[in-house]
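Enquirer: Dropping the structure in here first, questions after.
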Amino acid sequence: MLLIVSVACARDKVTRDVSLLPAGAREMIKKYFPDSEISYLKIDKKLFRTEGYEVILTGGTELEFDVKGQWKEIESLQTVPDSIVPESIRKYIKRYYGPQGVKKIKHNRKGYELNLTNGMEMEFDNMGNFLRLDD
């Protein structure tokens, strides 16, 4: 019986109701993706609590947020808006890779992981210092 109740409560919810997103996530989307609409929103749930949010925008951009509304990952079919990428990382990319854009950026407690438009994968610490490169 407990298993059935926990499985029923662990169901993810898929909706288009933007009001279910934390305020920080809504503001971030409005600021950086003003011309996009939310195609759908998935609320990740485990047991009796929300673990995070996944948002798909009409242009195909995918965003992941934590339970507080802070972005964790952004992946774009084109490029992630430059203003999302920390300035020190943007400068590093411009200096060593010229006009390459960022297709995917992930942020966690260790730092940033990026995928560039040329397929390169890079890691930076939270201060924006380069750590490593994968090709």
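Enquirer: So which residues in segment 37-84 are under 21 Å from residue 110 (Cβ atoms) and polar (S, T, N, Q), if there are any at all?
Expert: Of everything in segment 37-84, just one residue is under 21 Å from residue 110 (Cβ atoms) and polar (S, T, N, Q), namely 70.
Enquirer: Which residues, counting only those in segment 20-55, are buried (at least 16 other Cβ atoms within 10 Å of the Cβ) and among the aliphatic types (A, V, I, L, M)?
Expert: Matches in segment 20-55: 21, 25, 28, 29, 38, 41, 43, 55.
Enquirer: Would you tally the residues in segment 86-135 being outside any strand (DSSP E or B), without any contact (Cβ under 8 Å) to a residue 24 or more places away in the chain and in contact with a strand residue (DSSP E or B) (Cβ under 6 Å, 6 or more places away or on another chain)?
Expert: Result for segment 86-135: 2.
Enquirer: Restricting attention to segment 97-107, which residues are modelled with pLDDT under 95 and either within 12 Å of the chain's Cα centre (by Cα) or among the hydroxyl-bearing types (Ser, Thr, Tyr) (or both)?
Expert: Passing the criteria: only 97.
Enquirer: Conditions: (1) of a type outside the set (S, T, N, Q); (2) closer than 28 Å to residue 13 by Cβ; (3) at pLDDT below 95; (4) surrounded by fewer than 17 Cβ atoms within 10 Å (Cβ to Cβ). Residue 73 meets all but one. Number of the miss?
Expert: Every condition holds for residue 73 apart from (3).
Enquirer: Same structure, new question: Among residues belonging to segment 80-103 that are of a type in the set (Ser, Thr, Tyr) and surrounded by fewer than 16 Cβ atoms within 10 Å (Cβ to Cβ), point out the one that is nearest to residue 128 (Cα to Cα). I'd like the intermediate steps shown before the answer.
Expert: First, pick out the residues of segment 80-103 that are of a type in the set (Ser, Thr, Tyr): 83, 88, 92, 96-97.
Next cut, surrounded by fewer than 16 Cβ atoms within 10 Å (Cβ to Cβ) only: 83, 88, 96-97.
Values: 83: 14, 88: 5, 96: 15, 97: 16 Å.
Checked segment 80-103; the qualifying residue nearest to residue 128 (Cα to Cα) is 88.
Enquirer: Could I ask something else about it? Please tell me if residue 93 is modelled with pLDDT of 95 or more, over 27 Å from residue 52 (Cα atoms) and outside the structural domain of residue 65 (by TED's automatic domain parsing). Reasoning before the result, please.
Expert: On the way: modelled with pLDDT of 95 or more: yes; over 27 Å from residue 52 (Cα atoms): yes; outside the structural domain of residue 65 (by TED's automatic domain parsing): yes.
Yes; evaluated as a whole, the condition is true for this residue.
Enquirer: Report, by residue number, each residue of segment 69-96 that is more than 13 Å from the chain's Cα centre (by Cα) and not aliphatic (A, V, I, L, M).
Expert: Matches in segment 69-96: 78, 82, 83, 86, 87, 88, 90, 91, 92, 94, 95, 96.
Enquirer: Ok, one more. Looking at (1) in contact with a helix residue (DSSP H, G or I) (Cβ under 9 Å, 6 or more places away or on another chain); (2) of a type outside the set (D, E, K, R); (3) without any contact (Cβ under 8 Å) to a residue 40 or more places away in the chain; (4) over 22 Å from residue 120 (Cβ atoms), which is the one condition that is false for residue 70?
Expert: (3)
The values are calculated or read from the model by the stated rules, or taken from the named source; none is laboratory data. This is a predicted model, so every value here is computed, not measured. Every residue, glycine among them, receives a Cβ derived from its backbone with ideal geometry; neighbour counts consider all protein chains shown.
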